[in-house]
Structure formats: C-alpha cells, structure tokens
Amino acid sequence: MGNKQKLKFEFMRGFVAIAIAIAVAFIFIFICADDPAKALNCLLIRPIISNGALNVSSILTILGRMTPIIFTGLAVCVMFSANQFNLAGEGTVMAGGFVAALLAIYVPMAAGLHPVVCILVGAVVGGLLMLIPAIAKVKLNASEMVCSLMLNYVVLYVIMHFLSNVFADRSQGSTQTYPFLETAKVAKMVPGTELTWGFVIAIIATILVGFFMYRTRWGYTIRMIGINESFSKYSGMRVGGVIVLSQVIGGVLSGMGGAIEVLGRYNTFLWKDLPGYGWTGITVAILAKNNPLAIPFAALFIAYLNRGCELMSIYASVPAEMIDIIQAVIFLFFAAEQFMSKTRQKMVVKETKEELAKKQQEAAVEGGNA
Amino acid sequence: MADNEYVVQMKGITKVYPNGIAANQGVDFNVKRGEIHALMGENGAGKSTLMKMLFGLEQPTEGEIYVNGEKVSLTSPTVAISKGIGMVHQHFMLVPNLTVAENMVLGMEPKHKGMFMDYKKAVEITEEYAKKYNLHVDPNAKVRDIPVGMKQKVEILKALVRGAKILILDEPTAVLTTQETEELFKELIHLKEQGYTMIFISHKLHEIKQITDRLTIMRSGKSMGVYQTADISKEEISRLMVGRDVILTVEKDQAQPTDVVLRVRDLEYTNEWNKKMLNKLSFDVRKGEILGIAGVEGNGQRELVDMLFNLNTPDSGTATVNGQSVIGQPQRKIRDLGVSLIPEDRMTFGMAGTATIEENLMSDRSADNKYNNGPLFNMKKMHEDSDQLIKDYKVLCKSRNQQVGMLSGGNIQKVVVAREFSADPILIIADQPTRGIDVGATEFIRKKLVELSRAGAAVLLVSADLNEVMELSDSLIIMYNGGIAAYFEDTTSLTDAVMGEYMLGLKQQSDEEVRRVQHGE
Amino acid sequence: GCGGGGDTTTTETADTGDGKVYNVCNLVNGNLGDKSFFDSAEAGLKELQDAGRITYTTIEMGGTTEDEAKWQGYLDEVSASGEYDLIVVGTFQMPEYLKNVSEKYPDQKYLIYDDTTYELPNVVNLSYAQNDLGYMVGAYAAAMTTATDVEKINEDAVIGFVGGVDSPVINDFLYGYILGAQSINPDIKVDTRYIGNYIDPAKGKELAESMINDNNCDIIWGVAGNAGNGAAEACLETGKAYFIGVDSDQESTFSAEMAAITLTSGLKNIGDSLVWFFDEWDAGNEYWGQHILIGINEGGVGLVTDKNYDKISPDSVKETVDATVAAVTNGEVEVPTAIGDTTNAVVELRESVRP
Amino acid sequence: MLEQIFSMIFTTSFGYSIIRITSPILFAALAAVVAEKAGVTNIGLEGIMMISALFGVLFAYWTSYWWVGVIGAVVVGIILALIIGIFALKLKTDIILAGIAINLVGSGGTIFLLYLFTGLKGNTASLTTPGMLTPKINIPILESIPVLGPIFSGHSILTYVAFILVFLVWVLLYKTAIGLQIRAVGENSNAADSVGISVLKIQYIALGISGALSGLGGAYMSMYYSQSWNTGIVAGRGFIALAAQAMGQGEPLGTMFASLFFGFASALGNKMEGMQGFSSFLVSAIPYVATIIGLILYAATQVRRVKRVKNNGKKKNAEAK
Ligand SMILES: Nc1ncnc2c1ncn2[C@@H]1O[C@H](COP(=O)(O)OP(=O)(O)OP(=O)(O)O)[C@@H](O)[C@H]1O
Ligand SMILES: Nc1ncnc2c1ncn2[C@@H]1O[C@H](COP(=O)(O)OP(=O)(O)OP(=O)(O)O)[C@@H](O)[C@H]1O
Ligand SMILES: [Mg+2]
Ligand SMILES: [Mg+2]
C-alpha cells in the first residue's frame, strides 16, 4: 500500500476502534447515566468545546496532564525499542520526583538554576536505578521485566521510609515533606492552570529522543538490537553496553518526568503510592508503536479520554471507575493490528491489481512501439 | 471435471500478501500421479508461496485448487493433511527440545485413557515407519542433538506418518552433503515406486536433472511453462528462470598468494555435550588466495567460523590476523582488523528483518567518522553510499527504505554481501555464501568473491556445495572430526570421488602433507 | 441510574418548614465503600437528603497517586460550575487544593472534614478528636486484656494495634490508644504493626495472627480501612482474641461470626457532624473561616456501648471505661495529638511499649 | 534480635503462615507457567485475580454455595484469559497491552461492576456468610503429628488444591498430548502449525487453563484469605507470580519453590514488623528485595552452571588423554 493509503486505512481503523469502544461505553452509560446524551457529550466534546465555545481551561488541563506521560512514554519507547521489557518506569518516576523534591526543599539555589538542577538530578537518579535491572540482564541474563517489576515496590517502600521517618513535615496531618522553595518550582505556563513549562520540556524531549533514535549511532544501535540482537553483535555493535544505555536513558527520561511533575504540580512531595505514570507510559508507547514522534499524540489521546471521563463523572454522574472499562476497550481495539485486516486486504488487493494492470498496459504499449 | 491423470491441479492462482506483493499471478500448476515434479525459479519467484497454499498455510487471493479431481478449499494444514498432502519445509519445522518420536507424532499423539500421551507407542510408530521407508532415525534423541541429515529424515517421516501421498519437498537438499543427498534420492525413488507423488523444489540443476520427471518453471510470480525434464537442457532451464543466459562456471586466473593474513594454530574446542569439535586445527590463509574448506557438515566448520568471529571461545589455540589475535576479541575489533564475514545463518546474523535496506547496509560502519557529523548521522552520505551499494550489487528493491525482510532470499544475501565486501576487507570469511540462492545471484556473488581475492584480499570459503568449493578455491582443506583430513594446494585436478573419501574419513593425509597448509613459520 | 452513589435526586422534595434546600457536592478523594469516613459522610448527606433538606451529588475522584493529579481539576470544575451551595471535601490530603479554589472562587462555600491545616474565609473545617477516641479504646482494651474471666482473654497484659500506614492520622489513633492503655495499666504492652496500605486484608490477617500467636495479644484494634478487617478474621480464626473496629460500627456491618468477636468500635461520626452542621446553618449559625473540633461531647467520636460491649465486658471494666470517658470529657485528661507533633513522640512511645 | 527472630521462625504458626501466603501466589504462578509454556506472556494475572475474586464472592453469595463461587471464579478467569487471547492472538493487540487492559478493569472496573451488581461500594464484607467461604480441611493422620500437623493440616481446601496442582500441571505439560502440543507451540509455533496443530487453539487452551488457575487464586483471596472482596484485594500478588515463574525457570516444581521462597520472605517480614526499631516500610520491602536477590542469584548460578558443564567436559577430555 502506498503511504497515503496506509495512513487512510490506519485513520479509518482507529476511528472504528474508538467507535466500538464508545458503543461499549454507551451500553454502560445507558445503564448508569440519567442522561446518556449528556454523558456522551461530556466524554467526547466537552473536553474541548463547552457551551459552543472553546473550553480553554479544559484544553490547558489536558495539555498539563500529558506532560508526565509523554516522559514515561518516551522512556518506554526507548527501552522497548531495544527489546527490553523494563517496567520500572513507575519506580523511577517516583524516585526522580522524590530526589528532586529533596533538592527543592533543602538546597537553596538561584531561581533559574534551581529547577534545572533538581530535574537533572532526578533524571540521574532515575538512570542510576535502571542500572540494577539492566546490569542484571546484561551480566546474568536475569529477566529485566520481573526484576524491574519488583524494583518498583522496593523503591516505593524505601521512599516511603525516608518520607515518613526522615523528611516528613510533622506539622502536617498527611505524610508529606516541607514545602519546596519557591525558586525550585517549575513555573506555570498559564497561571492558575495545570499547564507548566514542563510541557515544553516534554515536547523538546520528544524531538530530542526522535533525533536520538533516528539520527544518531546510539539510537540506531538501540533499534538494531531491538530487531535482532545477534545481528547487532555480529555487526560489531557493543550490545551489552547499549542494552544498559537504553534502560538508563529510560530511567533518565522517567526520572525527569517525575521531577517535573512533582515540582510543577505540587508544593510538597506527597506521593504515597506508585504514581501510575509508568504503566500509562507503556500504553502510550504501544499506542505510538514505539515511534517517539507519535508519543505526544498518544499521550494526548489518553489525557483527552481521561478528561472526558472526568467530566462525565462530574456532569452526568457516571461513576469515574467506568473510565477504566472504557479505556480498556479502546486500548484493546485500537492496538489490534489485525482488527479489520479483511478490509485492509481488500484495499491492498485492489491496489496491487490496478498497479499490475497498469504495468501490463505500459508493457503492451512499449511492445507495440518496439 | 475430474481429470484423473492429475493429483494436483492449481488453476489461475493469484496471491497478494498483505504487504502488497503479488507473489503469484494467475499460476497454473499441475502434477501427475506418481511423478516427481520439479518446481524451479529464482529467489522470490513465488515457489514457496504456491506450495504454502497447497499445504493450507496461506490462502489464495484468487484461483482454484483440485486434489484428485475434487475441488478443495485448503484452509489449514489439517485440511491439506487430510487430503493426503505432506510438506517438508526447507527451514526445519521441528521442536528442538522434544524427542524425535515426540516430533513425529505431534498433533496425532497416541493416547491411553483418552488424554495421557503414550510415549512408548510413539517410539514404536517411529521405528515402524523408519524401517518401512528405510529412513533411519533415533526415536529417543532430542531433535536439538541430532545432525541435519537426520532432521531431514524426520521431516519426511513426519509427512509419511500422517498418510501423505503427495509430498512437497521445499529445497530438501540445501543442507545435505552429497552422500546424504544421494541417499535421499534413493529414498525418493523408492517412494515413487510405491506410488507416491512428489513436488521437488531445488536450485540445483543437476539434482533436478537426476530425479525429476517433469518441471514447472516460475519467474516473477508467473509460470513459464511445463517441460519434460529429459527434453530440456540445464542452460535452457537457467535461461527460462532468469530470462537470460547464465554462465555457470566462474572464470578466474591463477592466484598469486603472498603474505599470510589469517594464521590459525592448534585450535581446540569441546562443546557443551562434550563432543570435541575442533582438534588441534592449524592452517594459514594468504593474501590473494581463496582457501576452501570442504567437509561433511558437523565436522567443525561452523565452530571454526564462530571462533574466528568470537561468536564462541576455543579451549586453547590461537588465531591471528596480520599478527593480531582475534580470539575472544570483541567483534568491533575483529572488524577493525579488516575481517568480514558472510554468516551461514543470514536470517539470524546477517540482517535485521524489519529494518530498512540502508540500515542493514550501515550496521558495521554506523560509528565511522565518515557517517557522523559530531553526534548526528550524516544522512546525505549514508543515502549516497547505500544507493551506490544497491546499484553495484544489483539488489532488487523499490528503494533503500524498504524493509530487508520483505526481499527474497537472494536479494537479502546480496545486501549482506554488499555490506561485507564494501568494508575493504583484508580477510573475507564466506560461510555458505550461496546456499539456497538462485543461479543469478549465485553467479554474481561468486564473481565478486574472486574479484576481491584477485584484488588482494584473503578469502576463507566454507561451503557444503562441492562444486562451489572446487570451482572457487585456489587451494582446499577437507575437514574431518575437527581436524584436517587433507590439503590440496591445487584444486584443478581434484574430483568428487577423491574428496568424498577424505570427507567420510576413509582416507587421511599424513601429518607432513597436512602441514603444508602452514606457510612459513 | 447507578450514578456515583448519591443519586442526584433532582425530584422535588418536601420542603421542611422555612429551611432552604441546599445543593451540595460531595467530592470524595478516594472511593466509597471504605466503611470509614467517606461512607460516614455519605450516610450523613443521605440522611439530610431523605429528610428533604438538601440535594447532593457525590463524585468519587479516586484515591491513587495518579488520581491525585486530577483532584484539583475536579475541584476547579465543580467550583466553576456554580451549581452548588456547598462543596464538601475531606481528609488531610485536600487542604492544598482547597486553598487554591477557595481563593479563586471567594463566593463559593466549602466544608472540609478531618483537616485543620488552613483557615480560609469561605471554608469550614470540621475535625475530630481521634486521639480522645484512641484514649478511650486504649483504656477499654487495657482493662479487658487482663479480665481473664472472659472467654479467650489471657492474663498477659498485651494488646494489639493493626494500622494501615505509618502516618500522622493513624498514629493519632495510636497515640491515644497507648496512653489510654497506660492510664489503666502502666506496664501494658502494645504490639503495633502496619499493613503498608489500606487494601490488603490478607496481610492484616497475617500480622494479627502473628501478634496473637507470638505475643499473646488478645485484643486487637484494626485501624486500616478495608485491610483492618483482616485482623478481625485473624481473631476469629485463631479463636484467641477479640477485635475492635474503627470509624463506623463495624459490628453491625460484619457477618454474624465476625460480629461475634468484635467487642466494640471506635466511632468517628462524620455523618452526624455534617447533619449537625446543617442544623446550625439552618438555625442561622454560620462558621465560615472557623475550625470546629468535634469531640465526645458533640457526638463526633465515641465508643459503641451496646451489643457485644454490653454483653461481654465485665462490670468492673465498664466502670473503668466510664470513668475514663468522663475524665476525657470534662477535660481532666488532655490527650496529646500526633498530628502536627514535630517531636514524633508517638514513635518513641510505640517502640517503648512493644512486647 | 536474631534470637527473637529465630524464636519466631521456629514456630509451627510460622510454617503455617508461609504456606498460606504462598498459596494464592502459587496459583497465579502456575497460571503464568502454563501460559508461558505456550509462548504467551500473561501479564494480566493481577487483573484476572481481582475480577474473579469478586465474582467468586458474588456467585457464592447468590447461590450460598462456596463451590459454586469457586466454579464461578474459575469460569470468569477463563473468560477473561480468553478475552486477552482473542485480542492478543487473533486481533494481534500487543499482549502486554492486552494484559494491562485487563489489569485496568481489575483495579477500577471492579468497583464499578460490584456496584452494578450489588449496589455495594468498595467491599463485600456485609455479604459474607460462613457457607460462602471455602472450608478448611484437617487431614486425618497428619493432623495429630506434632510440628507437621499444625503446619500442614487445617488449611483451606484450595491450599491443597494449589499444591496438588503443581503436580497436575507437571503431568499436564509432560505426560499428556495436549501438554506436548502446548510445549511445541511455545517453542516453535511454525512447526506445530505445519503438522496441523491449530496454534491458536492450543494457545487459547493454555490461556484458558491459565485463566482458570488465576481464577482459583482470586477465589482463594476473597473466599478464604480475606473472607470478602475489597478494592485492590490482590495487592500485587499477580505480579509477584510472574517473578516466581521467572525464578522457577517456568517449570512447575521450580516455580513452587520460588513461590515458597516469597512466602517465607513475607512471613519473615510480618514477624519483623512486630519487633523493635524496624521501619514498617523497609520491612514491607523485604519480600521484594528478596525476590530480586533470589532472581539475580539464580541467574548467576545458571551462568556458572553453563561454564561448569563446559569445564567438566574439558576436564574429562584432558583425562581421556
Ligand atoms: N509472508 C509473506 N508476506 C509478504 N511477502 C511475502 C511473504 N512470503 C513471501 N513473500 C514475498 O513473495 C514473493 C515470493 O516469495 P516466495 O517465497 O514464494 O519465493 P520463492 O520462489 O520461494 O523464493 P526462494 O527461492 O527464495 O524461496 C517474494 O517477493 C517474497 O518477498
Ligand atoms: N511475513 C513476511 N513478510 C515479508 N516477507 C516475508 C515474510 N515471510 C517471508 N518473507 C520473505 O519471503 C521470502 C521467501 O520466504 P520463505 O519463507 O518462503 O523462505 P524460503 O522459500 O525458504 O526462502 P529461501 O529459498 O530464500 O531460503 C523470503 O525472502 C522472506 O524474507
Ligand atoms: Mg522459497
Ligand atoms: Mg491478656
């Protein structure tokens, strides 16, 4: 299929997938909502348009919510590209956020510099943590998936220990740190909204990762290893090192995402649970088919959906938990490669035949001329 | 409209793959009862595709299939098997961790009490069929431990035990030695006498001439006609296949070998299963010569190549390239010494299937200064060089951005060769460089190999194809049991028969004779 | 419909006298079904709605960290809608978000329960003396654990506490619990263990069983939401201990077997306090900008004293408890709080009384 | 301190506790073993357990028979696994994503489903009656043997099922026709396909078995261990099961030992939680740290073993000379 055709098909397929998911959602909505039409309006339209006008605040909210999952999505994208099923995004987001928070509280710095240092250190911590599953994989062939899954819990409890027993602001009712120094916060792009400059950093990171993966030798090596490790080794690539590198980069990105989220959204560190962005990042990366440049769009999709469900629970009294079911349905259909494969096949056959016929005609003409 | 002369009739078959490749375009294909029918054609001509549809692995986009005069819809291998069709795939369809007997009965397991597997019975069945068809196998051995020849027999038995009367053999001889091939042919004739029908795919013309009755030739997804094998010459077949005359022998002038490039001394290796695979192996390869290594597969050739490229480490011994050791060195360093390798298993080592042709061509040089501006790739230079390579090596493709995995086998090999030969190697290790590749591509690769050696590269050629080693090599080693059985300084007067005796261990040159391969020192 | 718990009954309800029918939004920063404060608040609002005094909508925002990122969004959206006379939120996790919207929407009225962080002009804070509550439960448990006449009670003076997470709110209960127990028996041992979350009853069960089997605990207070129920099961399974519930009267929500080994529950009557609040509002008493501590006197906290408590406890124990309650009520005893206690004295205390 | 730990470990209740903690993980780990043998990574175990735990309780409640509940949980487990199967195998949704989708339904969707079916929020404690819980079994002779009795007798019937299943899964995989096909499909699906085995069917069967096993794990959680269902009840056990499967090299027996190892670490953590001076948070991390260390040590011994086998071979050769 030509690229244009392919795009057309993918577009159609995505559309039908969403339509099916919405149909399923509609069944639930119909059971639950007093006013199904209103609920659907909340889910689909209200996130961007309300009362006939652009819903600016909601749009900014969506953009703000995209920020952390762009980072985790990129992280997963790099790691999965190297065929490393590392699931420690959760832990590294939390660790990056925590360490950045500590710097934001205890180490005074100049205003412009402070968040930068916090974010960078958060990134480094994320990267260092990833060394554990990465090195265990490269040196001992221990499953990085399982190792990273367990690592998440270890990170959670160790942070909880330090948060509760060492860094807690005991004057507060909930377990949280002292407030960040004002200099350390990631500034809002639009005051009074959830949108911070972190979003811009996320977009820059997307472009950088895109360049890294497709325009540098390291990204190239990561991709080749992901496709065929034996081939990469035979070609003289440093396979072990690059496998570690891919996961460290994953850790750096998610650590950075955690730091930006914590310093951008909150005034103190108050996470008492794994933040969930790691898992969402996996979804984002898979929806983006591991293409860094598609990550923001996948993130937008998820954030939009979330916002829609949120509005549905506010205005149409559809329980927010239904979101999980609707999301599950959308993921399942949206990511189904073979979904509508018959239609695709028909399109392909038609096109190929046309092409062949054209060639034959040309050949005939040429033959006639000769 | 039962036409009883034919057991298989495929009419107007068209197959369009999801990637838009029309692998078959209106192909008619008929096989008579009790014949051995050859299916020939270049890589990518559509042979395997046609056969996969006959075995129910793929569905035709258009066309009809009749088996024994009855129109059938072969929706899965199960249906095909029930119609008496069996297929021996070129790439083994065996489960390595199961035993031969388990592989034999897979999918039709004998059971007791309705669900428990009756392993004893499985062994009995295996033995019974092995005896009946005179195809000797060891029922209790794990498939991963048995030699390729036996694997091939297991594959044939697997088809027979399922009641196949029509056997599709997709390049069954590609991995077999001459002796094994002869043995196989005897069996096929034997089967033919018992009334079996066979469809035989091979790229080796003499084999086709030897055992088939009729042949169908395919080119670019279309049938080029059906011929009586006896009535058509090898040259005619080649011409029909590639659409032009092919010179089957490579012209080469006398080698002028100079300094030693690769020096291997006392290499020893014992594998995981405690078998000695390399036994005090010593030899030299000199600049400007092609040293061939012949031998029955499994006599240490693969291990030798693995050691030279550090895909494995020997127990002892040395190997140096221009005086620098390659043992245990990272591949990067080995390549920097000027070593290139055409790997035997190109699917595993030679390419990254879903990457583009360009990305595959650049795999060994992506870090070169030439292709990098600081941290970023110099895309322009990459595009230029890839396009040049694609042109020089006649890789048939739409563009450098096409996925390598979508190319046919021969073109994939050309990509590998283009990369390896363009790295300015001083030593080329070519392991089965033309296996399973059509005549056109074979000719091209052989020519290139000679060209490079005459231009000053040292070439170590490992091949199971006796014609190939004899034709290309300036001098030749025969390996047996991990050691050197014979060394021939000059290959011009060598015959199959003489080599066979050494290959099978019936004869062994004296130490002194063998030591002639160590030049100087 | 099955809308998030509180049916948005927009149907006309009988107007009770001159009172206005308020439209209330109950934002739950977790999920209902905790059998604790969210459910209690919900029950209070339901009661008000049934009485025709309010209409309300409950929105569950979810309690995970990923959900937390959305809480502000919910609050903003609900405040901006301007549909509600009062927006109710709860817990120590909310004040920061509440502060943001209360400043942005100065005309909107808010109520936050179980928090004391800020004083904001359009917000009422309700808080509960859970340390007092802990003190009473502790006194009761300490008195009971040596009442060997009662079945299952051994002579060792050891009681248990299964907490959700080692955090100020939980430790506030614990603080009172230990001090209350010590007021009865200075040598009492208290085995404190935390589950690490509020969702894993199985782990609560394992912890409680270890407390019972290894340290002879015969009374265990479970303060861990759903996960605390695991402790009750451990008491039931071993047959060697009693359970004390928390927040709501768990005895009446349990199955018969579990109820049988539940002595009492420490109540935190958030629902009642909301009813009280509307009573006051209707009566013209407004508390915007104020902190209201709801203690024993106001019926905000208390012990369940009917059912098993009455049946099982010996009279001497009841007398002891009554005396303690009286002492706390009339201010004779002042129970310190773990919330905002920067010295972290509760942890030292906890470690010093381990068996 | 060590003394205190030892005095707690050498009690029968400690042994009993290990077995009880291990059981649900073992169910799920065996589920992972079967799926993985057929070449399917079922990361949705956690979600399947959550959902089947809920329906186990509901079925038991509706019928007031515990065994109907167990069967219900198993059936729901199978259905969910097949949903993963249909999407991952037939429609080619990424298998990890399909698993995540099910986990999503397990964590949030269940709250909604519970409400849809019962009007309850958060948990089912108020539904529980003794007839709904899987019974405990005292094993006649064993019961009266000192030490062994209190450790091994008196567990839920499902606990015994879990350990018996270790054997049954082994029999299934290595002694039956379907097991042979499962292994063949997992190792080389093309080969299986070429002999007329329907790869899809076998993978569905393996996934179905995996769903049934995790359904049992779910039933264990809600119908015995916690005696009711509540939000988040499985609390990561489905993920730990994946670790156990990896640590046990995908073999039933090895996986059982890996699960027991995790059970041991958890039980130890529970004891330490009650001792002076331990941070409750760090104690909670013990089982996970232990799993990582176990995984790494195991991998290290594997690496060494390969080397040793080779060295032995060489030595023998040297001797032969
Ligand atoms: N599964 C597939 N999907 C897409 N394209 C395919 C597939 N299988 C084969 N092709 C393409 O179809 C064409 C015909 O391939 P086929 O395998 O039939 O060739 P062949 O004659 O068997 O060649 P060879 O001699 O190399 O085996 C080739 O261009 C090949 O790339
Ligand atoms: N799924 C696929 N998508 C695209 N191309 C494919 C696919 N499967 C096979 N091909 C290509 O089709 C060609 C023929 O594939 P096939 O599996 O028939 O191998 P084969 O006939 O044994 O090839 P050869 O003769 O070269 O060894 C190969 O070049 C392969 O790369
Ligand atoms: Mg082929
Ligand atoms: Mg006592």
Q) Given the conditions (1) within 13 Å of chain A (Cβ to nearest Cβ); (2) touching a residue at least 40 places away in the same chain (Cβ under 8 Å); (3) open to solvent by 30 Å² or more (accessible area, probe 1.4 Å); (4) part of a loop (DSSP other than H, G, I, E, B), which single one is not true for D:Leu104? A) (4)
Q: Determine if the range C:174-187 includes at least one residue that is more than 22 Å from D:Ser222 (Cβ to Cβ), assigned to a loop (DSSP other than H, G, I, E, B), of a type in the set (Gly, Ala, Ser) and open to solvent by 10 Å² or more (accessible area, probe 1.4 Å).
A: no
Q.
Please count how many residues of the range A:60-87 are at pLDDT below 95 and under 26 Å from A:Phe167 (Cβ atoms).
A. 0
Q | Residue list for the range C:51-84, restricted to those being touching a Gly at 6+ places or on another chain (Cβ under 7 Å), modelled with pLDDT of 90 or more and open to solvent by 30 Å² or more (accessible area, probe 1.4 Å) | A | C:Arg53
Q. Away from every other protein chain (no Cβ under 14 Å), at pLDDT below 95 and more than 13 Å from ligand 1 (Cβ to nearest atom), is that true of B:Arg400?
A. yes
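Within the range B:191-204, can one find any residue that is within 16 Å of ligand 1 (Cβ to nearest atom), among the basic types (Lys, Arg) and modelled with pLDDT under 90?
In the first step, residues of the range B:191-204 are kept if they are within 16 Å of ligand 1 (Cβ to nearest atom); the result is B:199-204.
If we keep only those that are among the basic types (Lys, Arg) too, we end up with B:204.
From what's left, modelled with pLDDT under 90: B:204.
Yes: the range B:191-204 contains one or more residues that are within 16 Å of ligand 1 (Cβ to nearest atom), among the basic types (Lys, Arg) and modelled with pLDDT under 90.
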Q.
Go through (1) more than 16 Å from ligand 3 (Cβ to nearest atom); (2) closer than 13 Å to B:Asn360 by Cα for B:Lys391 and report which single condition fails.
A. (2)
Q: Quick one: count up the residues across the range A:21-60 that are of a type in the set (Val, Ile, Thr), out of contact with any strand residue (DSSP E or B) (no Cβ under 8 Å at 6 or more places or on another chain) and not in a helix (DSSP H, G or I).
A: 2
Q) Which residues, taken from the range A:113-158, are more than 7 Å from every other protein chain (Cβ to nearest Cβ), open to solvent by less than 10 Å² (accessible area, probe 1.4 Å) and over 21 Å from the mean Cα position of the chain (by Cα)? A) A:His114, A:Cys118
Q: May I ask you to list the residues in the range B:150-189 that are in contact with a Gly (Cβ under 6 Å, 6 or more places away or on another chain), more than 14 Å from chain D (Cβ to nearest Cβ) and part of a helix (DSSP H, G or I)?
A: B:Glu180
Q.
Contact list please: Cβ distance under 8 Å, first residue in the range C:137-158 and closer than 22 Å to C:Ala260 by Cβ and free of Cβ contacts under 8 Å to residues at least 24 places away in the same chain, second residue assigned to a loop (DSSP other than H, G, I, E, B) and more than 16 Å from ligand 2 (Cβ to nearest atom), pairs at least six apart or on different chains.
A. C:Thr148/C:Asn154; C:Thr148/C:Glu155
Q. Restricting to the range C:117-157, what's the tally of residues that are over 22 Å from C:Val333 (Cα atoms) and open to solvent by 10 Å² or more (accessible area, probe 1.4 Å)?
A. 17
Q) Is it fair to say C:Asn171 is surrounded by fewer than 24 Cβ atoms within 10 Å (Cβ to Cβ), in contact with a strand residue (DSSP E or B) (Cβ under 8 Å, 6 or more places away or on another chain), within 12 Å of chain D (Cβ to nearest Cβ) and not basic (Lys, Arg)? A) no
Q. Does the range B:66-80 include one or more residues that are more than 16 Å from ligand 4 (Cβ to nearest atom), open to solvent by less than 50 Å² (accessible area, probe 1.4 Å) and more than 27 Å from D:Ala191 (Cβ to Cβ)?
A. yes
Q) What's the number of the condition D:Leu165 fails, among (1) in contact with a Phe, Trp or Tyr (Cβ under 8 Å, 6 or more places away or on another chain); (2) at pLDDT 95 or above; (3) open to solvent by less than 10 Å² (accessible area, probe 1.4 Å); (4) not hydroxyl-bearing (Ser, Thr, Tyr)? A) (3)
Q.
Looking only at the range D:266-282, filter to residues that are part of a helix (DSSP H, G or I) and either open to solvent by 30 Å² or more (accessible area, probe 1.4 Å) or within 11 Å of chain A (Cβ to nearest Cβ) (or both); which one of those is nearest to A:Cys147 (Cα to Cα)?
A. D:Leu282
Q. Does any residue in the range B:303-325 that is without any contact (Cβ under 8 Å) to a residue 12 or more places away in the chain come within less than 7 Å, Cβ to Cβ, of a residue that is open to solvent by 30 Å² or more (accessible area, probe 1.4 Å) six or more places away or on a different chain, and which pairs are these?
A. B:Asp306/B:Asn312; B:Ser325/B:Thr318
Q: Would you be able to say whether some residue in the range B:365-379 is touching a strand residue (DSSP E or B) at 6+ places or on another chain (Cβ under 7 Å), in a loop (DSSP other than H, G, I, E, B) and within 11 Å of another protein chain (Cβ to nearest Cβ)?
A: yes
Q.
Which count do you get for residues in the range B:204-218 that are surrounded by 18 or more Cβ atoms within 10 Å (Cβ to Cβ) and either more than 16 Å from ligand 2 (Cβ to nearest atom) or outside any helix (DSSP H, G or I) (or both)?
A. 7
Q.
With the structure loaded, tell me whether B:Asn24 is open to solvent by less than 10 Å² (accessible area, probe 1.4 Å), among the polar types (S, T, N, Q) and either touching a Gly at 6+ places or on another chain (Cβ under 7 Å) or within 16 Å of ligand 3 (Cβ to nearest atom) (or both) or whether it fails that test.
A. yes
Q.
Every residue in the range C:100-116 that is out of contact with any Ser or Thr (no Cβ under 8 Å at 6 or more places or on another chain) and open to solvent by 10 Å² or more (accessible area, probe 1.4 Å), please.
A. C:Asn100, C:Glu103, C:Pro106, C:Asp107, C:Lys109
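Please verify whether B:Gly41 is within 16 Å of ligand 1 (Cβ to nearest atom), crowded, with 23+ Cβ neighbours inside 10 Å and not aromatic (Phe, Trp, Tyr), treating the condition exactly as stated.
For B:Gly41, the condition - within 16 Å of ligand 1 (Cβ to nearest atom), crowded, with 23+ Cβ neighbours inside 10 Å and not aromatic (Phe, Trp, Tyr) - is met.
Go through the range D:242-254 residue by residue and tally those that are more than 10 Å from chain A (Cβ to nearest Cβ) and either of a type in the set (A, V, I, L, M) or touching a strand residue (DSSP E or B) at 6+ places or on another chain (Cβ under 8 Å) (or both). Before the answer, list the steps.
To start, the set of residues in the range D:242-254 that are more than 10 Å from chain A (Cβ to nearest Cβ) comprises D:248-254.
From what is left, the residues that are either of a type in the set (A, V, I, L, M) or touching a strand residue (DSSP E or B) at 6+ places or on another chain (Cβ under 8 Å) (or both) are D:253.
The qualifying residues number 1.
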Q. Given the structure, is A:Val200 free of Cβ contacts under 8 Å to residues at least 40 places away in the same chain and β-branched (Val, Ile, Thr)?
A. yes
Q. Can you tell me which residue in the range C:136-175 is farthest from ligand 2 (Cβ to nearest atom), limited to those that are among the charged types (D, E, K, R) and under 22 Å from D:Phe281 (Cα atoms)?
A. C:Asp172
Q) Mind checking which residues of the range C:306-318 are under 17 Å from C:Gly134 (Cα atoms) and surrounded by 16 or more Cβ atoms within 10 Å (Cβ to Cβ)? A) C:Tyr309, C:Val317
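I'd like the full set of residues that are assigned to a loop (DSSP other than H, G, I, E, B) and open to solvent by less than 40 Å² (accessible area, probe 1.4 Å), limited to the range B:44-59.
B:Ala45, B:Gly46, B:Phe55, B:Gly56
The values are calculated or read from the model by the stated rules, or taken from the named source; none is laboratory data. Since we're looking at a predicted model, the values are computed, not measured. We place every Cβ from the backbone using ideal geometry, glycine too, and count neighbours over all the protein chains shown. Heads up: the accessible areas ignore ligands, DNA and RNA and are worked out on the full protein's heavy atoms, side chains in. Shrake-Rupley method; radii C 1.70, N 1.55, O 1.52, S 1.80 Å.
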